[in-house]
1. Condition check: under 24 Å from the mean Cα position of the chain (by Cα) and of a type in the set (G, A, S). Does G400 satisfy that?
2. Looking at P352, P306 in this structure, which one is surrounded by 19 or more Cβ atoms within 10 Å (Cβ to Cβ), in contact (Cβ under 8 Å) with a residue 40 or more places away in the chain and in contact with a helix residue (DSSP H, G or I) (Cβ under 9 Å, 6 or more places away or on another chain)?
3. Can you find a residue in the stretch 281-290 that is under 26 Å from the mean Cα position of the chain (by Cα) and modelled with pLDDT of 95 or more?
4. Can you tell me which of A452, A461 is buried (at least 24 other Cβ atoms within 10 Å of the Cβ), in contact with a Cys (Cβ under 6 Å, 6 or more places away or on another chain) and not assigned by TED's automatic domain parsing to the domain that holds A401?
5. Report, ordered by the first and then the second residue, all pairs with beta carbons closer than 8 Å, sequence separation of six or more or different chains, a first member in the stretch 485-502 that is in the same structural domain as A533 (by TED's automatic domain parsing) and over 12 Å from L549 (Cβ atoms), and a second member that is crowded, with 23+ Cβ neighbours inside 10 Å and among the aromatic types (F, W, Y).
6. Does A189 satisfy the criteria of being over 30 Å from Q279 (Cβ atoms), in contact with a helix residue (DSSP H, G or I) (Cβ under 7 Å, 6 or more places away or on another chain) and assigned to a loop (DSSP other than H, G, I, E, B)?
7. Select from the stretch 257-297 the residues that are in contact with an Asp or Glu (Cβ under 9 Å, 6 or more places away or on another chain) and small (G, A, S) and write down the one among them that is nearest to V229 (Cα to Cα).
8. Of (1) assigned to a strand (DSSP E or B); (2) under 30 Å from E91 (Cβ atoms), Q214 satisfies all except one. Which?
Amino acid sequence: MNKRRIQLTVNQVMREVWITEETMLLDVIRDQLALTGAKRGCGKGECGACTVLVDGLPIMSCIYPAVKAEGRSILTIESLGDQKRLHPLQEQFIEKGAVQCGFCTPGLILSSKALLDKNPQPNEYEIRLAISGNLCRCTGYKKVVEAIEGAADQLIGKAVAINREEPTTGSIGRSVVRVDGIQKVTGKAIFAGDIYMPNMLFVSVLRSPLPCAQIVSIDCSEAKKLPGVKAVLTSKDIPGSNRYGVIVKDQQYLAEERVRFVSDPVAVVAAETKELADQALKKIHIDYRKLPAVFDPEEAMKPGAPQVHENGNILHHRKIRKGNIEDGFDKADIIVEKSFRSQTAEHAYLEPEAAIAYMDHGQMVVQCCTQAPHYTRTEIAEMLRFPINKVRIIQTTTGGAFGGKAELSVQPYAALCSYMTGQPVKYVFTREESIFSSTKRHAFNLYYKLGANKEGKLTAAQVLIIGNTGAYASFGPSVLTRSATMALGPYDCPNVHVDAYAIYTNYPIGGAMRGFGAPQMAPCHEAIMDEIARRCGLSPIEIRQKNILRPGSTTVTNQILKHGIGALKTLEEASRLGWFSSSKGFL
């Protein structure tokens, strides 16, 4: 592919770079100029993490051809300020708490700068419109808007510059500035994808296109012949254990005989460039024999259903029994039965999973985004058959996680390829790979039957929860246990019968996500409480006041609550703030 040299001004310095017609501006900024404040998030111009200013206008540099930047002025986050002298936007983002994971922060700040350069006093609508191309999964945007408003006031002299003195007392009762805030607002925070090393190789993984199939044969001979390809590995090349799992070790790094869901890893390639690694994947020939698949957990529970796991499709059954359920329904004047379905949810963290692995004096070092460095260390040690003290995990700045980065993703493949080649190896998911291979919030089938007397007091509750844990266990047993214990949420009931199942299917894997099984339950018990209220002639507030947990109440697991029970106070405050409709319940 023909390369040409162009000149462009980056952060007020003239630079010469080599490009092709396919080179994007983000490639130039990150790979040639080592300005990693602009992030590679989606690669499609949708998330805004790659935002830079081109002649003062915010553009998505991941889809902006570098050739169009010739002769133009480019500003990245690195030009805005430093630790000694921050730009007002950077100061306000720290002060207002608008910085969390930090992956989207540089793009948000640059879009905000472009706005304030043209409109020094924007209203809230104009601010939200200006940053609408910058996604943020952490902040909820409220603090971001407040930070931009504060910076606008500061820039026109309406507000004085922030002068934070070192506190002389502890942090309780006062606003605390993030210790990593300055690094994140200046683009200096190093995420795993920002790390570069000499002689670094790049990883691509070949994944199953089928939800359930037997692997008849794998032929890697053509891929191995490609110049620049340093390793083509299958399950036979793993020196230690090929099994992992945070609760049940039922998942394979590389499938041996069978794949169980679309994107199950089968082979891994390490090559001198990412493009070459992707090219090598196309040279690997796999013969599959398609097998029957099952995707609905209730279908998977039936006799004769396709078997997902060798030990059966029921991974976990959690029972809760409290009181006498038959007696409770006999005493009920009102019985409400409803069924519900909750959907799978993607974490959609802005930073795709990323890791770099290398050997350092006989020790395997993996720098990665993770929520579980100790768990990651144990699994990689077993995979490589290393003593655990010969594996070191360094958690890099992690760009969002929400439970999704508590599992293994890129780390074992980078470590395996580094061990087999002796070179540093980097593996960063594309946005597509992140979505189709990462764990999700469990999808549930739920069946509720609640009884209450004519005064609206609960007398009995029977709940069936069927969780789709997908092809592998992940956190399924723990999530379904939490769902069972939260089946009635904040309500007290003397007679409770709960069955919660985690079921294997050929669906994407259900794992940890914020709330950990509780969010799926809340719409169910709240909807039924509103129905009971209507039948009793009570308001949504009154029905909850009668049943909400308070000191002396017992939970569904018979725990007696004594102290720190804030449910009633929270309910009353929500009512005062107008969060309830007089007839429809929660707004």
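The values are calculated or read from the model by the stated rules, or taken from the named source; none is laboratory data. On a predicted model such as this, the values are computed, not experimentally measured, just so you know. Ideal geometry is used to build each Cβ from the backbone, glycine not excepted, and the neighbour counts take in all protein chains shown.
1. So G400 fits the description; yes.
2. Residue meeting the stated conditions: P352.
3. no
4. One residue alone meets the criteria, A461.
5. Note: no pairs meet the criteria.
6. On the way: over 30 Å from Q279 (Cβ atoms): yes; in contact with a helix residue (DSSP H, G or I) (Cβ under 7 Å, 6 or more places away or on another chain): yes; assigned to a loop (DSSP other than H, G, I, E, B): yes.
Criteria met by A189.
7. The residue in question is A271.
8. Of the numbered conditions (1) assigned to a strand (DSSP E or B); (2) under 30 Å from E91 (Cβ atoms), the odd one out for Q214 is (2).
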